[in-house]
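The values are calculated or read from the model by the stated rules, or taken from the named source; none is laboratory data. Note that the coordinates shown come from a computational prediction; the quantities given were computed from them, not determined experimentally. Glycine gets a Cβ as well: all are built from the backbone with ideal geometry, and neighbour counts include every protein chain shown.
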Amino acid sequence: MPQEYQIGKRIKAIREDKGLSQSKVVEKLKEYDIKMSRETLSKIENNSRSVYAIELKALSKVLDVDINDFFHEEEAEDMVTFFRKRNFSNKALEEISKLQEMVKVFLKHERMYKEGR
């Protein structure tokens, strides 16, 4: 699923990081005049239902985060940086870099294949 459709998963991750249950979030949403069931929140978090702008605004208040936090995925550290921090040799880092590029090409081709079906 493209990153732009991952808002629900970001909501879930932030909620879990805050140690809040879905029921607690739904309860707090009422303070902002948002009536939502726990099941509806679950659907939003699983990307089975879209989230309305007014709901997203209230969720940002309940979760005490900037609304933009729902749109930004933390970037994964690339493999070369990961292994460089662990003092691998330059030769090993070159090979890791090549492998990383091959994986990127593979993933791109896989994505194109799936979209073409």
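Only a single item in (1) touching a residue at least 12 places away in the same chain (Cβ under 8 Å); (2) under 12 Å from the mean Cα position of the chain (by Cα) is not met by residue 23, and it is number (2). Taking the stated definitions as given, is residue 45 out of contact with any strand residue (DSSP E or B) (no Cβ under 8 Å at 6 or more places or on another chain) and free of Cβ contacts under 8 Å to residues at least 24 places away in the same chain? So residue 45 fails the test. Against the list (1) free of Cβ contacts under 8 Å to residues at least 24 places away in the same chain; (2) surrounded by 13 or more Cβ atoms within 10 Å (Cβ to Cβ); (3) closer than 21 Å to residue 68 by Cα, the condition residue 8 fails is (1).
Taking segment 1-102 and the helices (runs of 4 or more DSSP H) fully enclosed by it, the elements with 1 or more residues that are modelled with pLDDT under 95 and of a type in the set (Val, Ile, Thr) are at 7-17, 79-84. Residues that are closer than 13 Å to residue 78 by Cβ and modelled with pLDDT of 85 or more within segment 103-117 comprise just one, 103.
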